[in-house]
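My questions all concern the structure below.
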Amino acid sequence: MHPLISKSACEIVGLLKSAAVTPFDCLDALEQRIAAVNPQVNALPTLCFDRARAHARKLMALPVDQRGPLAGLPVAIKDLVDVEGVRCTSGSLLYKDRIAETSDLLVQRLERNGAIVYAMSNTPEFGAGANTFNEVFGATLNPWNASLSAAGSSGGAAVALATGMAWIAHGSDLGGSLRNPASFCSVVGLRPSPGRVAETVHGKIDNTMPVEGPMARNVEDVALMLDAMTGEEPSNPLSLPSDGTSFLSAAQGGWLPRRVAVSRDLGITPVDGEVADIVMKAAYRFADLGVEVVEAHPDFSGVHECFDTFRALSYATGYGALLENGRDSLKPEVIWNTEKGLALTGSDVARAENLRGQLFARTLAFFREYDLILCPATIVPPYPVTQRYVAELNGHTFANYYQWLAIAYAFTTVCCPAISIPGGFTRDGLPVGLQIAAAPRGEARLLAAAHSLDRMLGFSKCVPMDPRVS
């Protein structure tokens, strides 16, 4: 392993700003690592090193203090977001040969802040489902056991981080799409509050369910990337202006919560017993820092119906037009979810809006009593990659292909930022993620607390690692 690969993103940025290394050194190290590792896990199917080196030359022409906060740090972008001049497929046969003409707002901001895009990470078709496979590039494999799923839909990003093919990576999240892969791969993924990270608007302009977010190997590196992703964009009406907060400084600031809640299941889903035990043990480590830990959770009654409706509506607005001419090329989950959205009535949407308002109000009241809540990020350890999704657990049959993700999408529905950090390992050596959520727009305190707990647990030090066959 090249010596740069095992360093943190913050360390690499420090070296770049001191001119101890150049962006070209970083790109060379990554290209070498990808050649050695990617054939085993299929995390980064599209590489753009020529574009990256051209961008690096332009960046190097500037004084070091004008190269942005990332200073030439390479970043992997999930193959659901456009990068100008790069093959961008969304994991769909409909777009398998598509070259993006312009970059998404998110990519433009990252590049203005000194990021260098060198690869597109694998994703299921249009991000549908929590197992990263598609008909264009195939499946991404879990590096802790290459016969298992890396989860999804940001599975390629998580695997690239875990195996040293990325220092930071972009992910996106609707029903846990960056938290689930972080959990399955023992890395860190943050779902920010809606509007915190602006992206190009497609379809519904006020959609607060899907968000873009940072992924990395530890909490500090996630905070570093979040700083480079945030800021107001007039062409995205939900985007939030920066208030001057440095999320990296907040993460390093040492703030600790006074009182936190912990829950095995949020009262809405079965959870594998070993996973629940690992997470509860990790969560109670907060008590060692003088934090009061109480078993409690918000009342999430109605969250399944609410999320079902808004997810379906999102698919109808995003992919409804594709059904007319591209049905034969779409995976069955995309077809089902889109048709469900197209069949919604006005009363269905009105009921879901009212349910969501009630959920939101109850959650805000909960966070007036507790600073944070901790629970599992996923309800099972990594499962076989040949299995499309989790259909049943503990005798409970899930109603659809994504309901097993409820422990993540509960926080999506109420607009809470949530992070998955490595929480431990099963007896079989498989990663388990600990999820921490805060009140809406509470990223600064969330990152500070997560950083303290992450350092205490120490599991982030287990990566980068070489893939394991079994």
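With point charges of +1 on the Cβ of Lys and Arg and -1 on the Cβ of Asp and Glu, referenced to the Cα centre of the range 102-233, which listed residue (Ala228, Trp144, Pro214) lies farthest in the positive direction of the dipole?
Going by the charge dipole, the pick is Trp144.
Now, a different point. Between (i) 36, 27, 19; (ii) 33, 31, 23; (iii) 30, 26, 22, which matches semi-axes √(5λ) of the Cα gyration tensor in Å calculated for the structure shown?
Only one listed value fits the structure, namely (iii).
Here is a further query. Which value, in debye to the nearest 20, gives the size of the charge dipole of the chain about its Cα centre, when Lys and Arg are +1 and Asp and Glu are -1 at the Cβ?
580
Among Pro298, Ala283, Gly273, whose Cα projects farthest towards the positive end of the dipole of the range 266-308, with charges put on the beta-carbon of Lys, Arg (+1) and Asp, Glu (-1)?
The Cα lying farthest towards the positive end belongs to Ala283.
With charges set only on the Cβ (+1 for Lys and Arg, -1 for Asp and Glu), what does the dipole of the range 353-420 come to about its Cα centre, in debye to the nearest 20?
The calculated dipole for the range 353-420 is roughly 80 debye.
Then there's this: Hey, if you put +1 on the Cβ of every Lys and Arg and -1 on every Asp and Glu Cβ in the range 349-460, which of Gly433, Leu446, Val349 ends up farthest toward the positive end of that dipole?
Result: Val349.
To the nearest 20 debye, what is the magnitude of the charge dipole of the range 158-235 about its Cα centre, counting +1 on the Cβ of each Lys and Arg and -1 on the Cβ of each Asp and Glu?
Magnitude of the dipole: close to 300 debye.
Loop-only check: which trypsin sites (Lys or Arg not before Pro) in the range 303-377 are DSSP coil with at most 14 other Cβ within 10 angstrom?
For trypsin sites (Lys or Arg not before Pro) across the range 303-377 that sit outside H, G, I, E and B with at most 14 neighbouring Cβ atoms in 10 Å, the list reads Arg368.
Counting Lys +1, Arg +1, Asp -1, Glu -1, what net charge surrounds Ala343 among other residues with beta carbon under 14 Å of its beta carbon? Don't jump to the answer; show the numbers that get you there.
Values: positive: Arg311, Lys340; negative: Asp308, Glu339, Asp348.
Here the charged neighbours net out to -1.
Now for a different question. How many lysine pairs does the chain hold where the Cα atoms are under 23 Å apart and the two sit 8 or more places apart or on different chains?
So the count of such lysine pairs works out to 12.
Can you check what the net charge comes to around Gly114, using other residues whose Cβ is under 13 Å from the Cβ of Gly114 (Lys, Arg +1; Asp, Glu -1)?
Spelling it out: positives minus negatives among the neighbours equals +2.
Relative to 2.2 N^0.38 Å, what does the C-alpha radius of gyration of the range 24-69 come to as a ratio? Two decimals please.
Computed over Cα atoms of the range 24-69, the ratio equals 1.39.
Return the loop-located trypsin sites (Lys or Arg not before Pro) in the range 65-122 (DSSP other than H, G, I, E, B) with at most 14 other Cβ atoms within 10 Å of their own Cβ; answer none if there are none.
Arg98
Here's a follow-up. Which of the GluC sites (Glu not before Pro) across the range 361-470 are loop residues per DSSP, with 14 or fewer other Cβ within 10 Å? Before the final figure, lay out each step's value.
Numbers: sites: Glu369, Glu392, Glu443; in loops: Glu369.
Taking the range 361-470 and a limit of 14 other Cβ atoms within 10 Å, the loop GluC sites (Glu not before Pro) found are Glu369.
Values quoted throughout were computed directly from the atomic coordinates according to the rules given, and no laboratory measurement underlies them. All values reported here derive from a predicted model rather than from experimental measurement. With ideal geometry, Cβ positions are generated from the backbone for all residues, glycine too; neighbour counts draw on all protein chains shown.
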